[in-house]
Amino acid sequence: MIKDRLAELEDETYVARFDDGLLDLFIGVSLLWIGSAWLWFEDLAPFAGILPAVLAAPFSTWRGRFLRDRGGHVRFSEARRGWERRNLAVFLGVGVTAAVLLLVLVTVGREPGRDAAQWLAPGVIALVAAMLVGLLAAVSRLPRLAWYTALLIVAAIGAAVLATNPGVPLLVAGAVITGWAAVLLSRYLGAHPARVGS
Amino acid sequence: MSGPDVPASGLDRLIHEPARLRLVTLLYVVDEADFAYVADRTGMTAGNISSHMARLERAGYVEVDKSFVDRRPRTVYRLSAAGRTAVERYRREIGALLSEVDDAGSR
């Protein structure tokens, strides 16, 4: 029982590392960016996912520094870091595969003379995003990411029913997630002022 | 009238103290953590953390590394091998003690 409690404590300590809301902000802004691309820059839309993917690594480094200056530094056990590396590799593998498949589908598979937004089923991009956020929820064990996944699925269904542009469900979900991220971040900043030393 | 058959406590008093127990269990589940992180997670005051960590360091349970990062002072704590062993021993002993109390209660 006590052993289980220590494992729980380790889990709680790890999950609490995401209380700052920056991961949520990254997801929300990425969805807004990709949704905007589908709505207003359709020629570039199939490639819009590249920018968040490229920014993920520098974002992670910057977030680490931000957290160290506010909530302090922690290094988790080798077992936890190995678990994180394996999950990240699975996430990136699935993400890249989904992005390439979508790209091939949109650029090669569509009928000549029809633009991608008209050709693609309205909820498809949001469903792919839901799959990726759902995978992130599973690997990070952050319950709120499961809610984001559900939100993206509902937005995808809504887009299919209303026959909107594929970018609309991403904009809706992105706006909600970004708003919630702002709440989390402001709470975190209030509770963790920048420190002079640690 | 007889109370539960509680064994003579062999618990490590250094770890058994509630504030120090919080510190060592936190350090047990991570590799290392700095002062700010420990303060944030435990909610303890700076003075409390310093004095308890000093006692744990003197006992050889905690290793302390003081350095400067970006010209700011940083104190990093990690549980030593002796500290890790002490926590595991404490966990076994308190577990045994609690199960004896449970057994006595259900008799």
Electrostatic dipole magnitude of the protein assembly as shown [Cβ: Lys, Arg +1; Asp, Glu -1; Cα centre; debye, to 20]: 700
Given q = 0.08 Å⁻¹, what are the Debye log10 I(q)/I(0) values for the protein assembly as shown, with equal point scatterers placed on the Cα positions and solvent ignored? -0.50
Under 19 Å from a point placed 7 Å out from the Cα of A:VAL96 along the Cα-to-Cβ direction: which residues of the range A:125-143 have their backbone N that close? A:129, A:132-133, A:135-136
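Under 14 Å from the Cβ of B:ASP34, count the other residues' Cβ atoms, weight Lys and Arg +1, Asp and Glu -1, and hand me the total. Write out the running numbers ahead of the final one.
On the way: positive: A:ARG17, A:ARG65, A:ARG68, A:ARG70, A:ARG75, A:ARG195, B:ARG41, B:LYS66, B:ARG72, B:ARG74, B:ARG78; negative: A:ASP69, B:ASP31, B:GLU32, B:ASP40, B:GLU63, B:ASP65, B:ASP70.
Computed value for this residue: +4.
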Distances over 24 Å make up what percent of all Cα-Cα pairs in the range B:13-106? 26
Over all residues in B:94-101, what is the mean tally of Cβ atoms on other chains that come within 10 Å of each residue's Cβ? 1
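Could you give the DSSP H helices of chain B that reach 15 angstrom or more along their long axis (alpha carbon positions) and whose average Kyte-Doolittle hydropathy is no lower than 0.5? Don't skip to the end; give the middle numbers.
Details: long enough: B:18-29 (17 Å, 1.07); B:46-58 (18 Å, -0.57); B:81-106 (37 Å, -0.42).
In chain B, the long hydrophobic H runs are B:18-29.
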Among B:ALA96, B:THR42, A:LEU51, flag the residue with its Cα farthest along the positive direction of the charge dipole of the protein assembly as shown, charges on Cβ as +1 for Lys/Arg and -1 for Asp/Glu. B:THR42
Order of B:TYR90, B:TYR37 under a 10 Å beta carbon neighbour criterion, fewest first: B:TYR90, B:TYR37
Among A:TRP62, A:TRP38, A:TRP147, which comes first, then next, by fewest other beta-carbon atoms within 10 Å? A:TRP62, A:TRP147, A:TRP38
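Apply the membrane-span-like helix rule to chain A: whole DSSP H runs, Cα extent along the own long axis of at least 18 Å, mean Kyte-Doolittle hydropathy at least 0.5. List the helices found. Show your work: numbers first, answer last.
On the way: long enough: A:2-16 (21 Å, -0.53); A:22-40 (26 Å, 1.68); A:50-71 (31 Å, 0.15); A:78-104 (39 Å, 0.69); A:124-140 (24 Å, 2.72); A:143-162 (29 Å, 1.70); A:167-191 (35 Å, 1.52).
Membrane-span-like by this rule: A:22-40, A:78-104, A:124-140, A:143-162, A:167-191.
Where does each of A:GLU78, A:GLU10 land when they are ranked from fewest to most other beta-carbon atoms within 10 angstrom?
Working: A:GLU78 9, A:GLU10 19.
Fewest-to-most ranking of A:GLU78, A:GLU10: A:GLU78, A:GLU10.
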Could you give the distance between the Cα centres of the range A:30-64 and the range B:28-107, to the whole Å? 42
Quote the charge dipole size of the range B:1-101 about the Cα centre in Debye, to the nearest 20; the model charges only the Cβ of Lys and Arg (+1) and of Asp and Glu (-1). 280
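No lab work stands behind these numbers, since they all come straight from the coordinates. All figures in this text were calculated on a predicted structure; none of them were measured in a lab. In this analysis, Cβ positions are derived from the backbone assuming ideal geometry, glycine residues included, and neighbour counts consider all displayed protein chains.
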